[in-house]
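As structure tokens, the structure follows; a few thoughts come after it.
The values are calculated or read from the model by the stated rules, or taken from the named source; none is laboratory data. Here the structure is a predicted model, which is why all the values come from computation and not from measurement. Please note: Cβ atoms are built from the backbone with ideal geometry, for glycine as well, and neighbour counts cover all protein chains shown.
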Amino acid sequence: MESKKAAHRHPDLISFGSGVMRSVEELQTHFSEMLGDLRREHGIDSRKTSLNGQFAELISELSAKYSQKVVILVDEHDKPILDSIEKPALAAQIRDELKNYYSVIKDSDLYEDMTAGEEIVGSFDVENIAVETLLFQTGYLTLTRFEQIGSFRRYGLSYPNLEVKSSLCNAILNHLGRDVTPEVSTNKGRIDLVLRFAGRIYLIEFKVKEQTGSGKALEQILKKGYAEQFASRAPDGKACPVYLIGVAFSSEEKNITAFEWRQLIAA
């Protein structure tokens, strides 16, 4: 949306990224405040009472005021849904309310140039959401390639970086009820991940091949003596096995390039 008449267009942002929307009413309040801020910024009055009516009116008035189409950018378009993803009924209500707003964009083709339309949220089936869709919508996966095969479209997905991949791994293990602790501090550094399971302790270090070279992950665990503070016996007096695991990733190959491990037994 234009802030002034100029050759270069500067879109205003509609963002749902700030705060947590725990109800449809909070979403409505947030959207109403955003519309009010945009009207004041551009000196436009509103005669409509409904939120979708005010949104449509704002788009039309901006287009008329600046004599050009309006550019609309919607940031964090699905965050209100994700805020309540563990409450499917509420998430579905919030999704439907968002559709009410996004349908305005779809119906304003004469006035707008870039759209974030109803189809973005329409595919977000709260009651039956696919794992890939959820990971993409939440930012754990990003698009890496696109193929058009006749009328069929194929999208490639991958992790945006190693930190996100590690974070997802931690989340999955925690969800499965595993005792996982990331970034454990020692007197000689920090262990990327400590996993306790079935009377065993796993110390895991991640490295990027292009930055450190293969084999450096396990080498770091050994060199810094990360296992020392875990070399103890279980409450029943039995030795507690400690496994040292080094994993190297390649940012170029987008894959694991080295996996090394060693087992230690408490004395």
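Quick test for you: out of Ile59, Ile44, Ile81, Ile94, pick the one residue that is under 14 Å from Ser15 (Cα atoms) and either of a type in the set (A, V, I, L, M, F, W, C) or surrounded by 16 or more Cβ atoms within 10 Å (Cβ to Cβ) (or both).
Just a single option satisfies the conditions, and that option is Ile81.
Can you pull out every residue in region 233-264 that is exposed (fewer than 12 other Cβ atoms within 10 Å of the Cβ), modelled with pLDDT under 80 and either over 23 Å from Pro160 (Cβ atoms) or of a type in the set (D, E, K, R) (or both)?
Scanning region 233-264 gives Arg233, Pro235, Asp236, Gly237, Lys238, Glu252, Glu253, Lys254.
Report, by residue number, each residue of region 212-232 that is aliphatic (A, V, I, L, M) and modelled with pLDDT under 75.
Ala231 - this is the single residue of region 212-232 that is aliphatic (A, V, I, L, M) and modelled with pLDDT under 75.
From the list Ala64, Ala116, Ala89, which residue is of a type in the set (A, V, I, L, M), at pLDDT 80 or above and either surrounded by 15 or more Cβ atoms within 10 Å (Cβ to Cβ) or farther than 22 Å from Val24 by Cα (or both)? Before the answer, list the steps.
On the way: Ala116 fails: at pLDDT 80 or above; Ala89 fails: either surrounded by 15 or more Cβ atoms within 10 Å (Cβ to Cβ) or farther than 22 Å from Val24 by Cα (or both).
Result: Ala64 is the single residue among Ala64, Ala116, Ala89 that is of a type in the set (A, V, I, L, M), at pLDDT 80 or above and either surrounded by 15 or more Cβ atoms within 10 Å (Cβ to Cβ) or farther than 22 Å from Val24 by Cα (or both).
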